[in-house]
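Asks: Take a look at the following structure, please.
Values in this text are rule-based calculations from the coordinates and carry no lab data. From a predicted model like this one, the values you see are computed outputs, not experimental measurements. Every residue, glycine as well, gets a Cβ built from its backbone with ideal geometry; the counts of neighbours run over all protein chains shown.
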Amino acid sequence: MATIRTDKVEESPTHMASRTQCSIGEVHVRSLSFSYPESEVPTLSSLSFQAAAGDFILLCGQTGSGKTTLLRHLVPALTPHGQSSGQLEIGGSVGFVQQDPDNQIVTDIVFHELAFALESQGLATQIIRRKVAEIASYFGLEYLLEAKTHSLSGGQKQILNLAATLVAEPDILVLDEPTSELDPIAAQNFLRHLARVNRELGTTVLCCEHRLEEVLEMCDKVLLMKSRSSSSKDAASRAKGLGIQSYTPKDFVESCRTENQNFALYLPEPTRIALASAEISAKIDRYATQEAKPETNKEQACRDWPLDVRSGRRWLKSTYSLLAQASSNASESEATTAKAPAVKLKATTIPNYPESSGRQSKGNPSVISKSNLSIITIRDLCFRYDKAEPFILKYLNAEFSPGQTHGIVGGNAAGKSTLLGLIAGIYKPQLGKIRKDKNLRLAALPQNPKASFVCDTLAEDFYSLGASTSPEEVLQIAQDMDIVHLLDQHPYDLSGGEAQKAALAKVLLTKPDILLLDEPTKGLDAYAKQEVGHIFDRLAAQGKTLIIVTHDLPFAARHTQTCSLLANGELIAQDQTHNFFLNNSFYTTPTNRMTRNIIDGCVTVNDALEVLNPK
Amino acid sequence: MQVGRSYRGYSLERRFALLHPVAMMLFFAGTIVISLISYHPVILGLSFALAAISVAYYAGIKALIQSLSWLGPMLIIVILFNTVFNRRGATELFTIERFQMTFTQESLLFGISVALMMAAIILWFRLYQEFMTSDRFLYLFAPIAPTLALSITMIQRWIPLTKYRWQQIRNADKMLSDCSSSYPASAQSDTVHDAATQKSKGRHNRVTRFAPYKSLTHSLSALMSWSMEDAIQAADSMQARGYQANTGNRDSVRALNSDSDGEQRAGTVHKSPSKKAFRRTSFRYFRFISHDAVALALIATLALLAGLAIFFSTRGLAFFPIYRGAEDLSITAALAASLLMSFPLLLEGKEQLRWRLSAQTK
């Protein structure tokens with residue numbers, strides 16, 4: 001039953017992992033090792049895991065840990081060339097969905113794209129039409145059947161890719177970071193479709209994903225690939241780190257507290273808060289033992305890590321009551337030692353500008369003080385792409401003050417990128433004015449970093465900016481961005497985070513005063529996001545003005561000072577970031593939704609931890 | 001959000017669009033061939049007028065005006081060219097002594113005829129474009145050339161994608177170059193740089209003068225590498241969905257060629273694509289119903305009739321040396337040609353009439 005291509009075995013029979021088949025939907029990998037040609041270190045070394053039929057398996061690991069290489073081994077047609085050993089048992093046919101929504105689409109009309117796999121199988125026209133109709137109605141794509149594929153949004157394209165793979169009825173579905181190019185809402189939508197396929201069709205799903213917020217609660221098993229990552233400093237940990245470990249989701253969270261601490265950042269916000277507040281339970285423990293309280297409550301609170309906002313709220317309530325109880329007990333018995341938590345718990349409303357947000361915001365208490373300070377002023381801006389189309393921006397007004405980071409959030413196709421293009425001068429407004437200081441230099445970072453590279457190596461690319469780029473400057477900025485070791489590489493060989501930093505470095509070489517950033521966190525994992533965020537903070541500290549358009553609310557909450565919502569062609573609710581998120585009830589961070597009405601004034605994880613975990 | 005059909009014109013909602021592609025293709029072939037074979041003024045006038053009316057009806061009056069706006073000057077050039085350079089013909093209109101140029105009535109008439117024919121055919125092709133969408137075209141030609149058909153679809157996918165990438169690259173480049181050119185400190189660091197190379201002024205000028213072209217070539221090469229890089233993923237996606245899986249293993253293909261039960265296994269083939277040799281099939285399907293048969297027969301008859309009648313009755317038509325034979329056109333030829341060319345409009349008329357009648361009976 002397995003779709004096995006034997007031609008590759010014939011090429012190098014002595015160095016290939018043996019492929020056999022097992023019962024439908026199961027995957028057994030036994031001590032699989034693989035190294036690319038001309039590579040000294042193996043990419044995969046002696047990996048073993050298995051998947052039962054109908055499992056939803058999440059594969060995670062840091063960049064460069066060989067996730068993609070492993071996943072490609074499971075797809076017979078795409079097995080990479082190189083030396084491998086071990087055993088692969090794959091039950092049934094395998095469907096494969098890749099990262100980039102655009103590049104996987106082959107044909108021009110949605111209907112044809114869905115039919116592609118069936119056409120390749122040589123099925124009769126009537127059977128193809130029937131199956132396409134079925135899959136289209138399953139995914140709610142009927143109304144798009146006649147549409148041109150290029151007119152779809154990114155999220156629709158990726159769902160089309162999923163549907164076009166599923167139409168061939170694979171027994172196992174392999175996905176390589178399918179949501180990394182999507183905005184959070186589209187990603188959520190995609191993952192729900194994926195979960196539905198898993199639940200309703202019983203298809204085994206193996207998904208590599210760094211958006212754990214969504215996947216963790218829907219998966220059955222977490223496979224963690226330990227990498228020989230360049231970031232781990234000592235050689236000993238590199239050597240022993242290789243391998244793969246399998247956890248249940250709850251165990252995985254538990255392990256993030258102990259051995260896999262560097263993965264804690266990937267977890268959903270409620271889980272992170274609960275994990276980081278683990279000390280609380282220790283404190284409770286102390287008070288509890290003094291009073292000889294039963295252990296059960298504490299055990300429960302500790303082990304049952306919340307994975308989403310709902311369970312996060314439950315956890316918070318119970319922890320909170322335990323804390324209150326403990327502190328009151330303690331204050332009764334021994335007032336001096338138990339002072340700290342009791343005091344902190346009274347002060348549940350934290351000031352608008354917590355120091356923990358990592359910014360020097362205290363210096364500028366009135367962020368959007370009236371226009372005399374603003375660096376870019378937009379008055380009554382109207383814009384549309386075509387006479388026949390409706391206005392995307394309608395009488396938009398905004399002011400951006402210098403030396404700060406401004407966030408613009410909003411739904412899909414709300415016109416956020418268009419607004420950036422207008423500020424950057426790529427488009428001309430049909431009505432209204434954008435006032436910029438003439439002496440200021442603007443630079444924009446395109447959404448896809450690939451668009452900003454034109455040469456064969458990164459260094460060449462930096463020098464291509466013109467004669468004004470000196471080697472010292474390049475080196476300085478490369479050091480700032482921590483990309484010196486990448487200067488000789490081809491820009492396309494960089495990982496998402498590296499490419500983003502390199503593109504940022506290139507833009508910074510032009511010494512801009514104002515930086516326009518379009519979705520800078522797209523496709524980045526939690527670590528790269530944090531790194532990029534710190535760079536933004538640094539730039540703002542150097543006095544640069546940043547305007548960030550993003551879907552990523554937690555990121556905006558952490559790294560911007562003012563935030564505004566672009567909706568219906570207008571900028572609504574331009575406000576200080578903290579207030580902005582506090583006053584929103586739906587369009588806000590998970591932490592805020594989790595702590596709302598229990599602890600006031602928490603927007604970021606750090607805000608919450610400050611209350612729960614006072615130093 | 002883009003909804004289904006909105007990318008297509010209104011014309012696809014019309015009755016003519018329901019016609020089977022074979023009948024449709026025959027209509028366009030017949031009409032265009034008949035417009036081509038005859039220089040008779042009546043036929044040309046009919047063809048041009050009906051083409052113009054059809055374009056206006058289906059694609060809108062704006063589309064017609066748009067087409068005519070560039071057709072007009074082109075036709076005037078064709079007419080002028082013919083009149084000026086064609087010295088044949090007996091009836092002299094006037095002569096410019098200085099250049100020894102004689103303009104004849106016949107060459108003017110010939111120029112007008114050629115121009116009218118070109119205009120008619122271009123307008124018919126405009127209508128063809130409106131109805132012969134890629135899926136109809138591919139339905140007709142995929143069985144004959146499946147690889148070509150797939151290539152065409154892939155190119156149609158590739159063009160907008162490449163346009164989008166180009167836009168991205170140009171925008172990124174524009175932002176960077178805008179910024180570095182308005183960079184006030186650049187003059188200063190330029191002199192530092194140039195002092196080292198000992199070519200201060202000239203080099204700087206050359207850099208700025210060629211900068212736009214340099215950035216354009218850079219962008220082009222970036223577009224190339226981006227497209228090629230991403231084409232690998234497209235190829236992976238095709239392979240993962242079983243493209244050419246049947247040719248992946250020659251031995252099994254050979255074994256299967258001797259297999260006799262190919263047809264019976266069609267249902268189970270999706271489970272084992274590598275086990276069977278087959279051709280790529282196509283999802284495209286247009287049912288050929290009785291209406292299509294009637295329409296096809298009508299079009300074929302009219303086209304044949306018109307073609308033959310025009311051919312035989314206008315054999316005497318000649319432009320040079322004296323324009324003659326224009327009065328020979330038979331009634332049959334004119335009638336058949338006009339019926340054929342107004343076939344889509346008649347179809348719509350019939351539809352309209354039926355609506356009216358059914359509305360009255362209610």
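Asks: Efficiency by 1/(1 + (r/R0)^6): what FRET value for B:Met101 and B:Trp70, r their Cβ-Cβ distance, R0 = 25 Å, to the nearest 0.05?
Replies: On the way: r = 29 Å, r/R0 = 1.14.
The calculated FRET efficiency here is 0.30.
Asks: Turning to a different aspect of this structure: Fully extended, how many nm does the chain gain between A:Asn397 and A:Ser33 (0.36 nm per residue separation, minus their Cα-Cα distance)?
Replies: Details: separation 364, 0.36 × 364 = 131.04 nm, distance 5.85 nm.
My answer for the length gained is 125.2 nm.
Asks: Charges on Cβ only, +1 for Lys and Arg, -1 for Asp and Glu, centred on the Cα centroid of region B:1-152; of B:Ile34, B:Met101, B:Leu64, which one is farthest towards the dipole's positive end?
Replies: My answer, from the dipole projection, is B:Leu64.
Asks: Over 18 Å between Cα atoms, which of A:Lys394/A:Lys428; A:Lys148/B:Lys163; A:Lys387/B:Lys174; A:Lys450/A:Lys501; A:Lys433/B:Lys174; A:Lys394/A:Lys544 qualify? Working shown, then result.
Replies: Working: A:Lys394/A:Lys428 14 Å; A:Lys148/B:Lys163 15 Å; A:Lys387/B:Lys174 25 Å; A:Lys450/A:Lys501 12 Å; A:Lys433/B:Lys174 21 Å; A:Lys394/A:Lys544 28 Å.
Checking Cα-Cα distances, A:Lys387/B:Lys174; A:Lys433/B:Lys174; A:Lys394/A:Lys544 exceed 18 Å.
Asks: Once you average over the residues of A:416-428, how many Cβ atoms of partner chains fall within 10 Å of each Cβ?
Replies: Per-residue shielding by partner chains comes out at 1.
Asks: May I pose another question? Write out the trypsin sites (Lys or Arg not before Pro) in region B:289-352 meeting two conditions: DSSP loop, and at most 12 other Cβ atoms within 10 Å of their Cβ.
Replies: Working: sites: B:Arg315, B:Arg324, B:Lys350; in loops: B:Arg315.
Here the trypsin sites (Lys or Arg not before Pro) that fit, given the DSSP loop and packing criteria, are B:Arg315.
Asks: What does the charge dipole of region A:361-604 about its Cα centre add up to, to the nearest 20 debye, if the Cβ of each Lys and Arg holds +1 and the Cβ of each Asp and Glu holds -1? Can you show the working numbers first?
Replies: Values: 24 positive and 25 negative charges, 227 e Å.
I would put it at about 1100 debye.
Asks: While we're here: Rounded to whole Hz and in sequence order, give me ³J(HN,Hα) for region A:53-63 from the Karplus expression 6.51 cos²θ - 1.76 cosθ + 1.60, θ = phi - 60°, writing x for Gly and Pro.
Replies: Per residue, the Karplus-derived 3J(HN,Hα) values read 4, x, 6, 10, 10, 9, 9, 9, x, 6, 3 Hz.
Asks: Give the calculated FRET efficiency between A:Ser495 and B:Lys62 to the nearest 0.05, with a Förster radius of 56 Å applied to their Cβ-Cβ distance. Could the numbers behind the result be given before it?
Replies: Values: r = 50 Å, r/R0 = 0.89.
Computed FRET efficiency for A:Ser495 and B:Lys62 comes out at 0.65.
Asks: Could you give the nm distance between label points at A:Asp456 and A:Gln245, where each point is 7 Å from its Cα heading toward the beta carbon?
Replies: Using points 7 Å along Cα→Cβ, the separation is 4.4 nm.
Asks: Shifting gears a bit: Mind listing the phi-derived Karplus ³J(HN,Hα) values for region A:573-585, rounded to whole Hz, using 6.51, -1.76 and 1.60 with θ = phi - 60°, and x for any glycine or proline?
Replies: 6, 6, 8, 5, 3, 4, 5, 3, 6, 5, 7, 7, 10
Asks: When Cβ neighbours within 10 Å are restricted to other protein chains, what is their mean count per residue of peptide A:95-104?
Replies: Values: counts 3, 5, 2, 5, 1, 4, 0, 7, 11, 8.
Across the residues of A:95-104, the mean count of other-chain Cβ atoms within 10 Å is 5.
Asks: Still on this structure: For region A:361-604, with the dipole built from +1 on Lys and Arg beta-carbon atoms and -1 on Asp and Glu ones, taken about the Cα centre, which of A:Pro512, A:Thr457, A:Leu420 lies farthest toward the positive end?
Replies: A:Leu420
Asks: How crowded by other chains is B:161-174, given as the mean number of beta carbons from other chains within 10 Å of each beta carbon? Please list the in-between numbers first.
Replies: Working: counts 6, 0, 1, 4, 4, 1, 2, 6, 7, 2, 9, 15, 5, 4.
The mean count of partner-chain Cβ atoms within 10 Å per residue comes to 5.
Asks: Within region B:277-323, list the chymotrypsin sites (Phe, Trp or Tyr not before Pro) lying in a DSSP loop whose Cβ has at most 13 other Cβ atoms in a 10 Å radius. If you can, show how the numbers build up before the last one.
Replies: Values: sites: B:Phe278, B:Phe283, B:Tyr285, B:Phe286, B:Phe288, B:Phe311, B:Phe312, B:Phe319, B:Tyr323; in loops: B:Phe278, B:Phe283, B:Tyr285, B:Phe286, B:Phe288, B:Phe319, B:Tyr323.
Here the sparse-neighbourhood loop sites are B:Tyr285, B:Phe288.
Asks: Please go through region A:384-483 and write out the trypsin sites (Lys or Arg not before Pro) that DSSP classes as loop and that have at most 12 other C-beta atoms within 10 Å.
Replies: Passing both the DSSP loop test and the Cβ count: A:Lys387, A:Lys438.
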